[in-house]
Structures are given as structure tokens and as C-alpha cells.
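> Attaching a single structure in C-alpha cells format; questions to follow.
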Amino acid sequence: MKWLTPEEAVAAANLSVTSEELIEYTIQAEDEETIEEKFQKIGLLFDRDRWQAKKHYLGLLSPAKVKKPVATESSTSASASESIDDDNWAEEDEENAVSETEESHNLQSEHQEEPYILEKCTVELHLTFKPDDGHPDGRIVIISASSHRDFPVSEKIRESSLGELPPPLKELLKELVADFPNCQVRRQIANARNQKKRSANPNKPGSEASSTTTSTTSTESQTTGTQLTLFGI
């Protein structure tokens, strides 16, 4: 399968929605339907693993193809048109076959063929900083490591045990904090849309939780300026 960006998917499937709306599908709450279900309704396949890995994550459930012209009479022009269409479809099928082969090869190389040797396998490390609780040793930090898509090993420590973060991580956190206003706007848009849906169906549970979330996000911008200080940046 040929994987596409939101912009490419809109063009390939001739969708009535915009690429921005497709991106919003991925950040909206999944209370009533999953992200996969939202994309399926408009004829797209959503790959959550590729999306989380920041790869092209959309595919066409029914590849859009130009319909062959109906031959009313036997003519040279009709035959030429059909020949061109067949060639185009053959090229598209070949391209998709190559894409699927490469994808399968990459997955096998990454997860099935990697040995259980630290230097020769993919290792994932994660740091999860919990909200500041005023402890003198800093925030609670959950550190975890995993490989081969297996269960992670993890430990809960205090921030002071980490010491100073490496410069690349500090720069990454600066970028994150700088994007907080945009994150807040995206979340508010998603909450507002969910609130409209629940208002139209007041008997469905969850409307109270949505309003609580909305009021909470309105205070997030007030704390944004202190985030870098908490990380020692």
C-alpha cells in the first residue's frame, strides 16, 4: 500500500474535507468513535503506528481511479484511451507493490531480524515527567526502556536523580513549550466540537467530563511560562 500525507490523501481521493481537518481527526477525543473509524467513513485507512512514528500514515481504502471511457463505437481514439488507462493503472499497481514490499522488508528488518544484542537492536527510551508536587527532589519521573516491541522495564525516580539534561533534550523541551499555545488551541477546537456533538445528544454520557476538560485547558496558558524553569532551562 502507498502511504500518504493528509495533503496527498485529499488530492488522491478527491475529498471534500481539507488536510487541516484530517489532522484534527488525530487529536480529537475518541469517546464516541476511534480515529480509525473517523478516517474509514471518508474512505481512508489510518495507521496508528506510522502516525506515532511521524511517517506517512494514510492509505486509500478504495484507490481512486479514473473510470474507463464507455466505447460507443469501435474507434482508434477509444482504443488509445483505454490503452493509456491500462498503462497508468499498471504503473500504479507496480508502485503500490514496490511500496508494500519495502514496508514489509523494513518491518522484518526492524523487528524480526534484529538480534537480542544491545548494540545491534532498536532500543526505545522514554522519560515521563509528572506534574510538580512540591517535593524538594523535584518532580516524579518515570523512566522506561524497551526493545523488539516487547514489554518495557521501568522505574519511578525523582527529577534530581537524573541530573542535568543533555543539550539536545533541553532544546527539544524548549520547542515543546513554545508550541504549547498551539496545542491548547487544537485541544480547545476538539473540545468545542465534541461539546456540540454532546449538546445534540444530551442523553449520552461524557458531556460533564468534556466541560471540565475545557475549563481546565483555559488555565494552562497561565503556567506555560514556568515550564522551562522546572526543567532547569
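The values are calculated or read from the model by the stated rules, or taken from the named source; none is laboratory data. On a predicted model such as this, the values are computed, not experimentally measured, just so you know. Reconstructed Cβ throughout: ideal geometry from the backbone, glycine too, with neighbour counts over all protein chains shown. Calculation scope for accessible area: heavy atoms of the full protein, side chains included, ligands and nucleic acids excluded. Shrake-Rupley method; radii C 1.70, N 1.55, O 1.52, S 1.80 Å.
Yes or no, residue by residue, for (1) out of contact with any Asp or Glu (no Cβ under 7 Å at 6 or more places or on another chain); (2) modelled with pLDDT of 85 or more:
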site	(1), (2)
Thr5	yes, yes
Ile23	yes, yes
Thr26	yes, yes
Glu36	yes, yes
Ile42	yes, yes
Phe46	no, yes
Val66	no, no
Glu73	yes, no
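> Looking only at residues that are open to solvent by 30 Å² or more (accessible area, probe 1.4 Å) and assigned to a helix (DSSP H, G or I) in the range 26-49, which one is farthest from Asn14 (Cα to Cα)?
Residue satisfying both the conditions and the ranking: Asp49.
> When the residues of the range 168-202 are narrowed to those that are of a type in the set (S, T, N, Q) and loosely packed, with under 15 Cβ neighbours inside 10 Å, which ends up modelled with the highest pLDDT?
Taking the range 168-202 first, the residues of a type in the set (S, T, N, Q) are 182, 184, 188, 191, 194-195, 199, 201.
So of that shortlist, the ones also loosely packed, with under 15 Cβ neighbours inside 10 Å come out as 182, 199, 201.
Values: Asn182: 89, Ser199: 82, Asn201: 75.
Once the filter is applied, the top-ranked residue is Asn182.
> Against the conditions (1) farther than 21 Å from Arg193 by Cβ; (2) open to solvent by 80 Å² or more (accessible area, probe 1.4 Å); (3) part of a helix (DSSP H, G or I), where does Lys54 fall short? Just the number, please.
Here Lys54 clears every test but (3).
> Got a number for residues in the range 1-24 being open to solvent by 40 Å² or more (accessible area, probe 1.4 Å) and of a type in the set (Ser, Thr, Tyr)?
Result for the range 1-24: 2.
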